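Following: one structure in structure tokens, then a few remarks.
The values are calculated or read from the model by the stated rules, or taken from the named source; none is laboratory data. Just so it is clear, the structure is predicted and the values come from calculations on it, not from any experiment. In this analysis, Cβ positions are derived from the backbone assuming ideal geometry, glycine residues included, and neighbour counts consider all displayed protein chains.
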Amino acid sequence: MAEEPPVLAVVGPTGSGKSDLAVQLAHRLGGEVINTDSMQFYRGMDIGTAKLSVAEREGVPHHLLDILDVTEEASVAGFQASARKTIEEIRSRGNVPILAGGSGLYVRAALDVLEFPGTDPRVRARLEDELASQGRAPLLRRLEAVDPVSAARLGDDRRIIRALEVYELTGRPFSSFMPEREYLQPALQLGLAVDRADLHERLALRVRRMEQAGLLDEVARLEPLGLRRGKTASRALGYRQFLEVLDGKADVETAVQQTIVATRQFARRQLTWFRADRRIHWLDWQDPELLPKALAAVRAAAAGRLMK
């Protein structure tokens with residue numbers, strides 16, 4: 001390829017084939033893959049996160065996999081620094097950085113002009129205590145008063161606490177740290193467009209295969225290592241549900257069904273996130289010409305015809 005390819009990112013919902021396409025692109029372009037799935041950061045969380053095995057990586061270097069213990073909390077700001085350093089190292093070797101994963105904020109952290117405010121453990125702990133004693137409603141009302149944009153957008157306790165923490169520390173609404181989308185350097189996002197009914201079937205089958213491959217045993221191995229204490233890891237799809245099996249609160253089939261439902265809901269949220277980014281170049285996930293079309297998009301982006 002005459003022109004230098006941009007930084008690539010393969011995005012889309014869970015189960016759409018991002019990891020496989022990234023490996024294929026790496027073979028054709030001389031690329032190295034950077035993980036942008038926040039749950040694949042964790043050592044030992046292999047089956048439930050659909051992490052590619054060493055054999056499935058087909059000799060392609062993969063970065064930012066297995067970098068955290070299950071008790072550690074993933075940090076978008078920390079990931080941003082690591083990802084950008086890794087991108088530069090890959091470039092220095094004359095190779096193409098290829099991000100792969102469905103954690104949308106982590107993709108933006110790597111690619112976009114984006115600032116992440118700091119944290120204060122004392123403020124965070126106080127807000128968590130308030131949540132535990134008073135529930136979500138008072139915190140959400142406080143957030144609505146200072147940052148109505150975030151209050152309307154954030155739907156879980158962790159993010160509400162984070163938004164309030166940021167406001168206390170900076171005096172700025174959390175939403176002000178998510179500006180218009182602007183790439184830090186030339187980049188191309190390849191999105192895998194799915195048929196929702198087909199994806200639902202694939203996700204159900206994938207969860208059942210995870211169970212058959214030993215997901216319950218994986219959870220049992222991780223539990224004494226602190227899986228329950230991990231603020232991020234314990235929230236991973238399948239792991240919370242199969243901890244209930246270990247506790248005798250659910251049987252395996254119930255855990256499977258709950259995981260299928262949760263995974264489908266997660267895929268829907270991912271699609272909503274990525275569809276809001278008009279820069280993504282969408283490709284049909286089931287197109288037999290997927291790889292040639294992806295390579296054509298890379299060539300066009302390198303020539304400046306797809307950059308936005």
*So which residues in region 33-54 are more than 18 Å from ARG209 (Cα to Cα) and either over 14 Å from the mean Cα position of the chain (by Cα) or among the aliphatic types (A, V, I, L, M) (or both)?*
VAL33, ILE34, MET39, ARG43, VAL54
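Looking at region 56-90 only, could you name the residues that are in contact with a strand residue (DSSP E or B) (Cβ under 7 Å, 6 or more places away or on another chain) and either assigned to a helix (DSSP H, G or I) or farther than 23 Å from SER234 by Cα (or both)? Can you show your working first?
Within region 56-90, the subset in contact with a strand residue (DSSP E or B) (Cβ under 7 Å, 6 or more places away or on another chain) is 60-65, 68, 70, 74, 83, 86-87, 90.
Selection gives VAL60, PRO61, HIS62, ALA83, THR86, ILE87, ILE90.
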*asked:* Checking ILE98 against (1) farther than 28 Å from VAL166 by Cα; (2) assigned to a loop (DSSP other than H, G, I, E, B); (3) not aromatic (Phe, Trp, Tyr): exactly one of these is not met. Which one?
replied: (2)
*Kindly list the number of the only condition in (1) outside any helix (DSSP H, G or I); (2) surrounded by 18 or more Cβ atoms within 10 Å (Cβ to Cβ) that fails for VAL256.*
(1)
*GLU73 passes all but one of (1) farther than 19 Å from GLU165 by Cβ; (2) touching a Lys or Arg at 6+ places or on another chain (Cβ under 8 Å); which number fails?*
(1)
*Would you check which residues across region 259-308 are closer than 19 Å to GLN185 by Cβ, among the basic types (Lys, Arg) and part of a helix (DSSP H, G or I) and list them?*
ARG299
_Quick check on region 273-297: of everything there that is among the aliphatic types (A, V, I, L, M) and within 16 Å of TYR183 (Cα to Cα), which residue is modelled with the highest pLDDT?_
ILE280
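Among the residues of region 226-253 satisfying the criterion of being small (Gly, Ala, Ser) and outside any helix (DSSP H, G or I), which is surrounded by the fewest Cβ atoms within 10 Å (Cβ to Cβ)?
Applying the first criterion (small (Gly, Ala, Ser)) to region 226-253 yields 226, 230, 233-234, 236, 238, 248, 250.
Subset that is outside any helix (DSSP H, G or I): 226, 230, 236, 238, 248, 250.
On the way: GLY226: 14, GLY230: 22, ALA236: 21, GLY238: 27, GLY248: 7, ALA250: 17.
This residue is GLY248.
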*asked:* If I ask for residues that are charged (D, E, K, R), closer than 25 Å to THR272 by Cβ and in a helix (DSSP H, G or I), which ones from region 142-164 would you list?
replied: GLU144, ARG153, ASP157, ARG158, ARG159, ARG162
*What residue, among those in region 194-203 that are under 20 Å from the mean Cα position of the chain (by Cα) and of a type in the set (A, V, I, L, M), is nearest to SER234 (Cα to Cα)?*
LEU203
*Output the number of the condition that ALA163 fails; it satisfies all remaining conditions of (1) in contact with a His (Cβ under 8 Å, 6 or more places away or on another chain); (2) closer than 16 Å to ALA77 by Cβ.*
(1)
*Residue identified as touching a residue at least 12 places away in the same chain (Cβ under 8 Å), under 21 Å from ARG202 (Cβ atoms) and either charged (D, E, K, R) or in contact with a Ser or Thr (Cβ under 6 Å, 6 or more places away or on another chain) (or both) among ARG299, ARG264, ARG278*: ARG264
*asked:* I'd like the full set of residues that are hydrophobic (A, V, I, L, M, F, W, C), within 20 Å of ARG172 (Cα to Cα) and surrounded by 15 or more Cβ atoms within 10 Å (Cβ to Cβ), limited to region 129-148.
replied: LEU139, LEU140, LEU143, VAL146
*When both residues are 6+ apart or on different chains and their Cβ atoms are under 9 Å apart, which pairs have a first residue that lies in region 217-228 and is outside the structural domain of LEU243 (by TED's automatic domain parsing), and a second that is at pLDDT 95 or above?*
none
*The listed residue being small (Gly, Ala, Ser), touching a Ser or Thr at 6+ places or on another chain (Cβ under 9 Å) and at pLDDT 90 or above, out of ALA132, ALA137, ALA125, ALA110*: ALA110
